[in-house]
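After the structure tokens below, expect a handful of questions from me.
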Amino acid sequence: MTATLTGIADSICAVVLLAAGGMKLGDMRAFGQQIAAYQIIPHFLAGLAGYILPPIEIIAGILLLFAPRTGILSIALYVSFAAAVGVNLIRGKTELRCGCFGASGKHTISPTHVAANLGLALLATLVFVENRRPSFVTFEIGVSAILLILLAVAWRAILPPSPEGADRTTNT
């Protein structure tokens, strides 16, 4: 059972890093500007981070699939993302776009981003501790879980807004 959970956790963490890094490659300059807006690191380093971070995320995702002990890098990435968002939430800067999956994202930061990154850090910690690569089946389950979450988010986004307190379901 632990091998199955570890494989699923590994797959989820790796695919999130691969997707996030890959989607940022399209406009790394704009991503650097988003990092600068967080005001965590000096402006000139933020611009540089915009070019360095996406390939690091991709490399971390690949390494996680084939060398689970490198999960320590993934843990560091997820914790640093949670910290950057958390610091800005404490500062009251909730208008910042998260930049999780590239500069074109429209989502602003929220406590959900902190929780999601800490959850991913916990999954990466499991992978690091257990040191097991995912099997093909657990990889498929992990990817399927991500796709189901994305489908639910997309479905929720296309539903018309409901009146306050009303249920979104319809009775037929």
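Can you name the residue in region 20-37 that is out of contact with any Lys or Arg (no Cβ under 8 Å at 6 or more places or on another chain) and of a type outside the set (A, V, I, L, M, F, W, C) and is also surrounded by the fewest Cβ atoms within 10 Å (Cβ to Cβ) among such residues?
This residue is Arg29.
So that you can scan it fast, the table gives a plain yes or no per residue for (1) surrounded by fewer than 21 Cβ atoms within 10 Å (Cβ to Cβ); (2) more than 17 Å from Gly99 (Cα to Cα); (3) touching a residue at least 60 places away in the same chain (Cβ under 8 Å):
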{"site": "Thr4", "(1), (2), (3)": "yes, yes, yes"}
{"site": "Ala9", "(1), (2), (3)": "no, yes, yes"}
{"site": "Leu18", "(1), (2), (3)": "yes, no, no"}
{"site": "Leu48", "(1), (2), (3)": "yes, no, no"}
{"site": "Pro55", "(1), (2), (3)": "yes, no, no"}
{"site": "Leu77", "(1), (2), (3)": "no, no, yes"}
{"site": "Ala82", "(1), (2), (3)": "yes, no, no"}
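Residue under question is Thr112, and the condition is that it be at pLDDT 85 or above, polar (S, T, N, Q), under 19 Å from Phe66 (Cα atoms) and not in a loop (DSSP other than H, G, I, E, B); does it hold?
no
Taking Arg133 as meeting all but one of (1) of a type in the set (Lys, Arg); (2) over 25 Å from Asn88 (Cα atoms); (3) free of Cβ contacts under 8 Å to residues at least 40 places away in the same chain, write down the number of the exception.
With respect to (1) of a type in the set (Lys, Arg); (2) over 25 Å from Asn88 (Cα atoms); (3) free of Cβ contacts under 8 Å to residues at least 40 places away in the same chain, Arg133 is out only on (3).
All but one of (1) under 23 Å from Arg133 (Cα atoms); (2) free of Cβ contacts under 8 Å to residues at least 40 places away in the same chain; (3) surrounded by fewer than 15 Cβ atoms within 10 Å (Cβ to Cβ); (4) among the hydrophobic types (A, V, I, L, M, F, W, C) hold for Phe44; which doesn't?
(1)
Considering only region 71-106, state which residues are among the aromatic types (Phe, Trp, Tyr) and outside any helix (DSSP H, G or I).
Matches in region 71-106: Phe101 only.
Return yes or no: is Val129 over 19 Å from the mean Cα position of the chain (by Cα) and assigned to a helix (DSSP H, G or I)?
yes
If you check Gly71, Gly7, Gly50, Gly99, which single one turns out to be farther than 27 Å from Glu140 by Cβ and either in contact with a Ser or Thr (Cβ under 7 Å, 6 or more places away or on another chain) or at pLDDT below 90 (or both)?
Gly99
The values are calculated or read from the model by the stated rules, or taken from the named source; none is laboratory data. Since the model is a prediction, treat every value here as computed from it, not as a measurement. Counting neighbours? That spans all protein chains shown, and the Cβs are built from the backbone with ideal geometry, glycine included.
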